[in-house]
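Below: one structure, written as structure tokens.
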Amino acid sequence: IMAAALLGISGLFKETSVLSFTAIPWSNGSIKSNIKRLVISVMILILPIALWLIYVHMRMPSGSAMGTNNFNYPLFGIIHKLGGSVSELAIGVGHISFYDQAVLISEIICALSLTVQAIYLFTIPELSSATWRFGIGFAILFTLLGDNVWVNQYAYCRVLLPLTFSFNLMIHEYEKDYKYWIWYLLGNGGMCGMLIYSLL
């Protein structure tokens, strides 16, 4: 109940938190007790954000909650991001500064690292793992993000931060020896660029 309450309240701070609602603990009791517990948990999960949405609709009935170009068809956003960054880098070589080239390279490898993270969660479905259930919604979100989110690392890394958390916790739990390090480097190697060029 406490976990459901905390997850429900988190939706008030960050609307995409609803994607992690499936991380609520599962019970191993009887089917009847599980169903009862699930119904109560779902009610607790959706109540805070439902009340907030009703309030917002009453105060701003003509507003739009979807934004512009925040979403796209599955994988269109990441493909456009990678294709655009590679093209911009190829055209800009010799015409843009070394710093700008480094930023473009960083954008490419960061997007690729997030792709690795999403692929890992999609290919290793651990339904019994709260960590996997916490991140899988954000792996799905990864495939649906639009151009306005893929504009730079500050935007998409923030939106997909729970995916990164889930990925790293999963490989720590399920991968051993060299496999762990391979997944770790592939999934996190691209995340260093933003830190480096933000310090320059």
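The values are calculated or read from the model by the stated rules, or taken from the named source; none is laboratory data. In this text the structure is predicted, and so the values were computed from the model without any measurement. Note that each Cβ is placed from the backbone with ideal geometry, even for glycine, and that neighbours are counted across all protein chains shown. For accessibility, only protein heavy atoms count, side chains too; no ligands or nucleic acids. Shrake-Rupley method; radii C 1.70, N 1.55, O 1.52, S 1.80 Å.
In table form, for the structure just shown:
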{"item": "Among the residues listed as TYR156, TYR174, the single one being of a type in the set (Phe, Trp, Tyr) and open to solvent by less than 50 Å² (accessible area, probe 1.4 Å)", "result": "TYR156"}
{"item": "Test: residue in the range 60-73 that is surrounded by fewer than 16 Cβ atoms within 10 Å (Cβ to Cβ) and in a helix (DSSP H, G or I)", "result": "no"}
{"item": "Of all residues making up the range 115-132, the number that are modelled with pLDDT of 90 or more and assigned to a helix (DSSP H, G or I)", "result": "11"}
{"item": "Matching residues in the range 113-135 - criterion: being open to solvent by less than 20 Å² (accessible area, probe 1.4 Å), of a type in the set (Gly, Ala, Ser) and out of contact with any Pro (no Cβ under 9 Å at 6 or more places or on another chain)", "result": "SER113, ALA118, SER129"}
{"item": "Condition check for TRP183: touching a residue at least 40 places away in the same chain (Cβ under 8 Å), crowded, with 20+ Cβ neighbours inside 10 Å and touching a Lys or Arg at 6+ places or on another chain (Cβ under 8 Å)", "result": "no"}
{"item": "Residue in the range 152-174 that is aromatic (Phe, Trp, Tyr) and free of Cβ contacts under 8 Å to residues at least 40 places away in the same chain present", "result": "yes"}
{"item": "Qualifying position, being open to solvent by less than 50 Å² (accessible area, probe 1.4 Å), aromatic (Phe, Trp, Tyr), part of a helix (DSSP H, G or I) and under 27 Å from LEU89 (Cα atoms), among PHE142, PHE138, PHE167", "result": "PHE142"}
{"item": "Scan of the range 151-163 for residues that are in a loop (DSSP other than H, G, I, E, B) and touching an Asp or Glu at 6+ places or on another chain (Cβ under 9 Å), ordered by number", "result": "ASN152"}
{"item": "Inter-residue pairs, beta-carbon under 7 Å, first among the polar types (S, T, N, Q) and in the range 107-123, second surrounded by fewer than 20 Cβ atoms within 10 Å (Cβ to Cβ), 6+ apart", "result": "SER113/LEU186; SER113/ASN188; SER113/GLY189; SER113/MET191; GLN117/THR164"}
{"item": "Answer residue from the range 86-112, given it is touching a Leu at 6+ places or on another chain (Cβ under 8 Å), over 25 Å from ILE140 (Cβ atoms) and open to solvent by less than 50 Å² (accessible area, probe 1.4 Å) and is modelled with the lowest pLDDT among those", "result": "GLY92"}
